[in-house]
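Following: one structure in structure tokens, then a few remarks.
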Amino acid sequence: MIPMTHFLILGAILFLIGAMGVLMRRNAIIILLSIELMLNAVNVTFVGFSRHLADMTGQVFAIFVITVAACEAAVGLAILIALNRDRTMVNVDEVNLLKW
Amino acid sequence: MDMALEIAVAAIKIFIVLNVVQLVVAYTIYVERKVIAHAQMRLGPMRVGWHGLLQPIADGLKLFLKEDIIPDKADRIVFVLAPVMVLVPAFVVYAVLPFSATFYITQINIGLFFILAISSLGVFGIVMAGWASNSKYSLLGALRSAAQMLSYEIFLGFSVIGPLMLAGSMNLQEIVHAQSDVWFVFYQPIAFIVFFIAAMAETNRAPFDLPEAETELVAGFHTEYSGMKFAFFFLAEYANMFVVSTVGIVLFFGGWEGPDFIPLPGFVWYVLKLSVFMFVFIWLRATLPRYRYDQLMRVGWKFMFPLVMLNIFLTGFLKYLFL
Amino acid sequence: MELYFFYMFSGGMIITSLLMITRANVIHAALLLVLTFFFLAGIFVLAGAEFLAAVQILLYAGGIMVLYLFSIMLMNVEVAVRMRQWHRQGVVVFVAAVLLGLEIWAVLKGVEFPAAKQWEWSLGATPGNVEALGAVLYTKFLFPFEVASILLLAAMIGAIVLAKRTIER
Amino acid sequence: MIELAWLIPVFPVIGVLINGLFGRHVGERAGPIASVMAGLSLLVVLGIALEMIFGAGGSHTVHLWTWVEAGSFSASMSFLIDPLSTIMLLVVAGVGFLVHVYAVGYMHGDPGYPRFFTWLNLFMLSMFLLVLGDNYLVMFVGWEGVGLCSYLLIGFWYEKQSASDAGKKAFIVNRIGDAGFLLGMFLIWTLTGSLTYTEVFKGAPEMSAAAASAVGLLLFVGAVGKSAQIPLYVWLPDAMEGPTPVSALIHAATMVTAGVYMVARTSPIYVMGPDAMSVIAIVGALTGLFAASIGLVQNDIKRVLAYSTVSQLGFMFMALGVGAFAAGIFHLMTHAFFKGLLFLGSGSVIHALHHAPEEQQQDMRYMGGLKDKMPVTYWTFLIGAIAIAGVPPLAGFWSKDEILANAFFTGHYTVWIMGTVAAFMTAFYMFRLIFMTFHGEMRVDHHAREHIHESPATMTVPLIILAVLSVIGGVIPGFPPEAGWIHRFLAPSLAKVPAGGQAMDQGVHLMNAAAGGGHSGPAVVLLIILAIVVAVGGIALAWYMYVKDTEAPRRLYRSMPGIYYLLLGKYYIDEIYQTCIVEPVYKLMRGLWTFDAKVVDGAVNGSSLITVVSSRFSGIFDLRTVDGAVNGTASFIRFFSQVFKYLQSGMVQNYLFVMLLGIFVMLSAYLFR
């Protein structure tokens, strides 16, 4: 039996690695990939709890997370393609229109 | 001790399956050349051995000895990994295929889903190969292939749902048992048609062999590949043909089970059905012209997708009514 | 035995994901992430979520990641490789993240979980977890399930509108 | 019939789907479709109301589905039918349906026709949810929904800058109130562990006075935003940029009364918190007086009505604040009738003048003498004005008199005086409006004069129906005063102040009497006579100033221009907000952003200038020392400005990093607590 803490620590580590990817990199695609990693880190925790509590809810939510990830990937990539077409740009810190 | 024994048995099984598959693939290529040749009123390979029977071995040796070229501008790691990425999923799937009631490597309760999942990875190898070659034709072939395989994977997945609903299990053995009276092809004709078309598209066979259309893209994603790496792609394609044929047999034609009044072992039945499937594959390649890309997508999304949805709906409705 | 596999998979995940966030070449990063997902699928199997493991491979690896690769190929990757890769706040973030990790570890260290419950079926046997998952998903979570489908539809429309060159009126 | 309550919101949904998805194909058929949907809802409501009034009574819960279930928290999508929600449903569905019909004529030819009706139906849906929900969460969904629809409909003519600005203003001001509502909701959950009315109210008597007051005040912040009370009323007058049917439906009859409904609904908690009640009474009275005084001098016909609405809402809160919940709801109902009527009437006038220049269409100084050209509009408008002025036996008299009487008998004499003065002002400005618009000589632009005509039947029929309701809507449910049918009907839904409750300091029995209804004695008669005198006096003064002696207003203005401009400028509240709140925030943000450029550059330049001058003078200063000091200062400042600059860098990653730091800080707080 794998202790519950193992799942939680693995989830935390992956989440932090993903967060580092999001915060430290400039390349928009890598940031999106890191977000996927963060979502999956959450899934690890969900599935860990699902097994620990012998309750399917965790797995159901993992499925919903995957759904959301799919949506995020589709829309995120579409935005990137649009940006790339307009300005040939992949670096996030050049996009600072939120300033106003 | 038991565990070691189990592992040993599994290893032997894996060894047998892998080698047999490779040998059979080699001879399938020979058969394909022969059938197409006869369809075109030619003779085909005749030189090596009796009626060219040793031709596959000669071909294998040739590919093995050829120079292995890696283009200068290619991404070396990805370029080398791509053929592996194609071949490995193709063989991993064999782990759950039931060749007869007793001969299989393992069986798991999500067998069919496992096959779908693993075989969906094949597209990675193709995309990687196309991109790593750093060549226009390769990239175009890879993009086409990715779009085609992603789309048709959906129809393949959905067409499988009808039989699954009837069998009520994803375990391949149980699906076969569920058909001991009537083959599902009679209950699920629409699903079978969609499945068959999607299977051809998934394995990049004619008339859906757009990713490697020689006349348009030189050879598509494997333009830059030679020697053993090229052989890997080839091997994978035929291995995948066996996989989809087996899945088709399991889902629609009662697997290894045959009629009771002909007492043949299950494995023989399986081989017979497989041969028929393979022959149809080759036959279609010899007779049908290639689709255009936009036609391919249109047929998929505007015709097959509604059809397969209708099939699921009907199956559910009828099952609710009569079962 | 189970634990060894868990350590193997999680070690693999951590290594590949660390490699992933440090690559300059986006394609390599994406492929490494696929590898991460394989290990993750392994962990799911260990946790008794075979169906989720298959979904992980089928949807994530086979669907979403191919979508990524597909899109990346439409962009100009070589240019990005030659640019500065790291954000200016990188070092601060790294320190903060490591500290945060230590804090999480400190928190988790003190937690005592009650003993794990057992599934009502044995793992790998045939009624299996697919049926249980389906039963929960289509009864208790039917409404969220439908909402998720609408979310997918909205994302699909949004993606098409965003990525289309011109919208015909 | 009651179990069919789920049908009520279903019809608007169908309308939204049809008009929203197929608007382009539906075209002008959108209006009838939406009206039919509203009408079907009204039918269901009428059925339920008949059953409630003549049959079942009591309160009924219609459970639809469990919405959220997480741990100990659960919220369900279920509807509550009780006397209070029945009255609200009647108002919403009735006025809503009439406005739909009216809008079919009013919006004719507008390019956004289907869009308008989509949003109108969406509004009906949200309002039904707000009223029907049996817990605060569903109410909040409706609450936000009506806010959204209000925003969409105010900014309906979004190509007009002022309209889209007004929409945004309404939305933002409402959001401030919503924050209060949300916090109140959280507090309720913390205190009682539930959001369902029945369970919350079961726990209400155990609340301490302070807790109940806190909940009450937080919820009241929400009501202040939505019902346009001081200090958050500023959005409502601007909301008149929307089409007139919208003003009638949303900004007079239904949405703005949501706050009143919410407070009345929460009455079991309010009676536990007398402080909150006092605040409500005072805010209501202040608003009533304040808005009425602004209304005295406005020239835009719709703005007068807007301030009148704010003022009347003040009356309603006055009633709630003194514990006369039933009177407040009663006034809500009568107000919906006559204010809806007045708005629709003004819409009819504007409709008739739509050939006049843009800025004159709503300006009463360019109207006058419309009486003969638009008889139906005139007579119905007159009925509405008499009703709001409070002349018996029309609707306004019954409800307004009850409010004032309750204020008096509960000992809130200040509130009562303010209310009476406001009532006087109400009578005055309403008849000022009538006389300026319909009487006297015609001051309409010559070009537009021949286009003036009575409105089509779809517009006049709702006017007539509402006029009839304004006449009988007060006397039938409200007679005899304070013991009328409506009091008996509403009594089960509303809480009474607990007798001798330790929370109350004084006037318990009086408030109890107010909630129960039924005063008697000579004081009541005196109050009634006073109310009539006030109303008639206001009308007479308006007649004197605007018909008899038209020079009088000008003389008055000359004698005290300061007050006039103060009123015309609406006490300059908008300007005060702009300078006191909006500008400083802008300045702070701009300051942070420009800190770097301005301060650092200024410091460097100034210092170097001094350096140059001083070195030229003395020639013995060591340039390096000075430069070093200057640069040191500069880099010191630069360092801090760099730090501050990142607060507003516009880069997502910086913001996300701050979020990560937030998690870090919270975890640290948890660890080292």
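The values are calculated or read from the model by the stated rules, or taken from the named source; none is laboratory data. Predicted model only: the values in this text are computed from it and were never measured. Glycine also receives a Cβ, built like all others from the backbone with ideal geometry; neighbour counts cover every protein chain displayed.
In the set A:A41, A:A28, only one residue is farther than 24 Å from C:A106 by Cβ, more than 7 Å from chain C (Cβ to nearest Cβ) and among the small types (G, A, S); that residue is A:A28. With respect to the conditions (1) farther than 17 Å from D:A258 by Cα; (2) of a type in the set (A, V, I, L, M); (3) surrounded by fewer than 17 Cβ atoms within 10 Å (Cβ to Cβ), D:L152 falls short on a single one, namely (3).
Contact map, the range D:542-553: first residue closer than 18 Å to D:F424 by Cα, second residue of a type in the set (D, E, K, R) and in a helix (DSSP H, G or I), Cβ cut-off under 6 Å, separation 6 or more or different chains; pairs are D:A542/D:R432; D:Y546/D:R432. Please verify whether A:F46 is more than 7 Å from every other protein chain (Cβ to nearest Cβ), over 13 Å from the mean Cα position of the chain (by Cα) and either without any contact (Cβ under 8 Å) to a residue 40 or more places away in the chain or under 20 Å from C:E103 (Cβ atoms) (or both), treating the condition exactly as stated. Yes: the conditions hold for A:F46. Residues considered: A:G11, A:G21, A:G76. Of these, the only one that is in contact with a Ser or Thr (Cβ under 7 Å, 6 or more places away or on another chain), surrounded by 20 or more Cβ atoms within 10 Å (Cβ to Cβ), assigned to a helix (DSSP H, G or I) and more than 7 Å from chain C (Cβ to nearest Cβ) is A:G11. Among the residues of the range B:113-125, those that are out of contact with any Asp or Glu (no Cβ under 9 Å at 6 or more places or on another chain), within 10 Å of chain C (Cβ to nearest Cβ) and not in a loop (DSSP other than H, G, I, E, B) comprise B:I115, B:A117, B:I118, B:F124. Number of residues in the range C:38-56 that are more than 7 Å from chain A (Cβ to nearest Cβ) and either of a type in the set (A, V, I, L, M, F, W, C) or out of contact with any Phe, Trp or Tyr (no Cβ under 8 Å at 6 or more places or on another chain) (or both): the value is 7. Whenever a residue of the range B:96-110 is surrounded by fewer than 19 Cβ atoms within 10 Å (Cβ to Cβ), its partners that are assigned to a loop (DSSP other than H, G, I, E, B) and acidic (D, E), lying with C-beta atoms within less than 9 angstrom and at least six residues away or across chains, give the pairs B:A101/B:E257.
Can you say whether C:G62 is away from chain B (no Cβ under 14 Å) and modelled with pLDDT of 80 or more, as far as the supplied structure shows? In short, no.
Okay, residues lined up against (1) within 23 Å of C:L3 (Cα to Cα); (2) buried (at least 21 other Cβ atoms within 10 Å of the Cβ):
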residue	(1), (2)
C:M20	no, yes
C:V26	no, yes
C:L40	yes, yes
C:F44	yes, yes
C:A53	yes, yes
C:A61	no, yes
C:V66	no, yes
C:M73	no, no
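Taking the criterion of being buried (at least 20 other Cβ atoms within 10 Å of the Cβ) and either more than 7 Å from every other protein chain (Cβ to nearest Cβ) or more than 13 Å from C:L52 (Cβ to Cβ) (or both), the residues of the range A:49-62 that qualify are A:F49, A:H52, A:G58. Taken as a whole, the range C:2-18 holds no residue that is charged (D, E, K, R) and at the interface with chain B (Cβ under 9 Å from one of its Cβ atoms). Inspection of the range D:581-594 finds a residue satisfying the criterion of being among the β-branched types (V, I, T), more than 30 Å from D:F431 (Cα to Cα), surrounded by fewer than 11 Cβ atoms within 10 Å (Cβ to Cβ) and modelled with pLDDT under 75. Of the residues in the range D:106-113, at least one is over 21 Å from D:R488 (Cα atoms) and of a type in the set (A, V, I, L, M). Taken over the range D:205-245, residues that are outside any loop (DSSP other than H, G, I, E, B) and either among the charged types (D, E, K, R) or under 14 Å from D:R303 (Cα atoms) (or both) amount to 10. For residues that are within 32 Å of the chain's Cα centre (by Cα) and basic (K, R), tally how many sit in the range D:408-453. Looking only at that region, the number is 1. Scanning the range B:307-323 for residues that are surrounded by fewer than 15 Cβ atoms within 10 Å (Cβ to Cβ) and either of a type in the set (A, V, I, L, M, F, W, C) or within 24 Å of the chain's Cα centre (by Cα) (or both) yields a count of 9. If you go through the range D:181-232 and keep only what is of a type in the set (D, E) and more than 17 Å from D:L494 (Cα to Cα), you end up with just D:E206. Quick check: is even one residue across the range C:89-103 modelled with pLDDT under 85, over 22 Å from the mean Cα position of the chain (by Cα), facing another protein chain (nearest Cβ under 7 Å) and not in a helix (DSSP H, G or I)? Yes, that holds for at least one residue.
Would you tally the residues in the range D:246-269 being closer than 19 Å to D:I388 by Cβ, part of a helix (DSSP H, G or I) and of a type in the set (S, T, N, Q)? Total satisfying the criteria: 2. When residues in the range C:76-86 are screened for being under 25 Å from the mean Cα position of the chain (by Cα) and at pLDDT below 75, 4 of them pass.
Based on what the data block shows, is D:A669 away from chain A (no Cβ under 14 Å) and either modelled with pLDDT of 75 or more or touching a Gly at 6+ places or on another chain (Cβ under 6 Å) (or both)? Against the criterion (away from chain A (no Cβ under 14 Å) and either modelled with pLDDT of 75 or more or touching a Gly at 6+ places or on another chain (Cβ under 6 Å) (or both)), D:A669 qualifies. In this structure, is D:G142 touching a Ser or Thr at 6+ places or on another chain (Cβ under 6 Å) and not aromatic (F, W, Y)? For D:G142, the condition - touching a Ser or Thr at 6+ places or on another chain (Cβ under 6 Å) and not aromatic (F, W, Y) - is met. Within 18 Å of the chain's Cα centre (by Cα), buried (at least 24 other Cβ atoms within 10 Å of the Cβ) and within 22 Å of B:Q179 (Cβ to Cβ): does that describe B:I115? So B:I115 passes the test.
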